[in-house]
Amino acid sequence: MSARFPILYIAEAGAQDAVLSSGVLAWLVDAMPQAGFTIVGSPASAPLFADTPRLDRLIVLEKESRLDWLGLWNQVRATSWGLVVDMRGSALSGKLKRQKRAVRGEPEAGVHAVELAARVLQLDEVPAPRLFVSEATRVSVEALIPPGEGPLLAIGPGAAWMGRRWPPERFAKVASALVGDGGPLEGGKVVVVGDDSDRDAAHTIRLALPRHRTIELHGRLSPLQAVAAVGRSALYLGGDSLWTDLAVASGTPVVAAYGPSDEAERGPWGGIAVRGPRSVEEYRKIDPRLDQAIEHMNDLPAERVLKAARKLLAERV
């Protein structure tokens with residue numbers, strides 16, 4: 001290992017969880033310029049860290065079986081680690097040769113995931129989620145966003161579960177007001193990010209705007225490319241999704257539509273979570289496990305999200 005001070009960082013398997021705690025890794029990169037990093041992630045979370053500075057190895061733990069963990073053990077046991085940061089709380093990290101070990105504890109009700117991540121290193125200040133993006137990644141995104149005048153408004157209309165998906169026509173309504181005549185982003189273009197499954201939502205947004213004002217990048221970007229694309233935008237609109245967490249990690253101002261999600265624990269860090277009239281507890285009375293095929297987000301009006309977006313943009317001027 002080339003680094004003078006080798007750090008092993010074991011990231012969460014879930015991509016959203018890994019983004020929420022990414023500020024801890026970014027803090028280590030900034031605070032320890034003499035360190036080199038070996039990062040372990042799942043097929044979903046590992047790509048988030050591909051552009052980390054001084055990255056010696058990026059190891060993908062394909063599955064969670066005992067055989068996979070044994071394979072990981074064989075890859076990392078020979079190194080005498082300066083620091084092991086274990087965001088999974090695994091048994092493996094306790095068996096490695098190391099000077100120091102920092103392990104994530106159990107979730108705590110009412111405490112934001114970003115704060116819990118900071119506690120792993122006992123940091124006085126809570127570092128915001130941040131993912132590193134290389135120049136090569138930025139250049140690859142620039143080729144997809146044609147140069148032109150006017151600001152960019154990024155929108156991530158999708159969500160992994162329909163219960164957290166805000167109606168796309170309401171995203172379209174807010175976008176039209178923001179980039180249309182007299183809007184705070186007047187003359188701008190809308191960049192749509194997300195999975196390929198968000199195609200219909202993206203089309204709804206495109207049809208609500210004048211021609212050639214929408215850049216549809218759903219299904220075309222890696223997570224880090226999405227960070228680069230959103231990072232060029234004046235504002236991001238989304239819901240409770242990976243794309244919103246990526247937007248937070250890009251440093252772009254974020255407004256997110258929330259319903260059956262607890263923003264106190266997983267809301268957009270430093271951004272604005274806009275709720276409808278119901279609390280999370282009220283949603284749970286209808287849908288105890290929050291997993292039914294119910295469109296919970298229909299009671300959040302577009303006007304409330306638009307008001308929050310205008311306010312945030314005005315504060316940034």
Could you tell me the distance between the Cα centroids of the range 35-113 and the range 187-246, to the nearest Å?
-> 31
Charge dipole magnitude, Cβ of K and R +1, D and E -1 - the range 237-317, Cα centre, debye nearest 20 = 320
Carbon plus sulfur, as percent of the 1.4 Å-probe accessible area of the range 163-317, comes to 48
Cross-link partners among lysines for LYS63, C-alpha distance below 30 Å, same-chain residues fewer than 8 apart left out?
-> LYS95, LYS97, LYS100
Return the single residue from VAL193, VAL141, VAL111 with maximal mean-square fluctuation; model: Gaussian network over the chain, springs between Cα atoms under 10 Å.
-> VAL111
Which residue fluctuates the most in the chain, going by a Gaussian network model with Cα springs under 10 Å, if the choices are GLU295, GLU12, GLU64?
-> GLU64
Mind jotting down the three principal axis lengths of the range 195-317 based on Cα atoms? Whole angstrom, largest first.
-> 43, 33, 28
Listed peptides 147-154, 268-275 by packing density, highest first (mean Cβ within 10 Å) | 268-275, 147-154
When the C-alpha atoms of the chain are aligned to their principal axes, what extent does each axis show, in angstrom, from largest down?
-> 61, 48, 36
Straight distance only, please: which lysines reach the Cα of LYS173 with their own Cα at less than 21 Å, same-chain residues fewer than 8 apart left out?
-> LYS189, LYS307, LYS311
How large is the charge dipole for the chain, taken about the Cα centre, if only the Cβ atoms of Lys, Arg (+1) and Asp, Glu (-1) carry charge, to the nearest 20 debye?
-> 580
Percent relative contact order for the chain, counting Cα pairs under 8 Å at least six residues apart, stands at 16
Mean projected area, convex hull of alpha-carbon positions in the range 22-89, reported to one decimal in nm², is 4.7
Heavy-atom accessible area per residue - the chain, 1.4 Å, Å² | 46
Compare the peptides 226-232, 208-214, 32-38 by average per-residue count of other Cβ atoms within 10 angstrom and give them in order, highest first.
-> 226-232, 32-38, 208-214
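The values are calculated or read from the model by the stated rules, or taken from the named source; none is laboratory data. Nothing here was measured: the structure is a model prediction, and the numbers come from that model. Methodologically, a virtual Cβ is constructed for each residue, glycine included, from the backbone with ideal geometry; neighbour enumeration extends over all protein chains shown. With ligands, DNA and RNA removed, areas are computed over all heavy atoms of the protein, side chains included. Shrake-Rupley method; radii C 1.70, N 1.55, O 1.52, S 1.80 Å.
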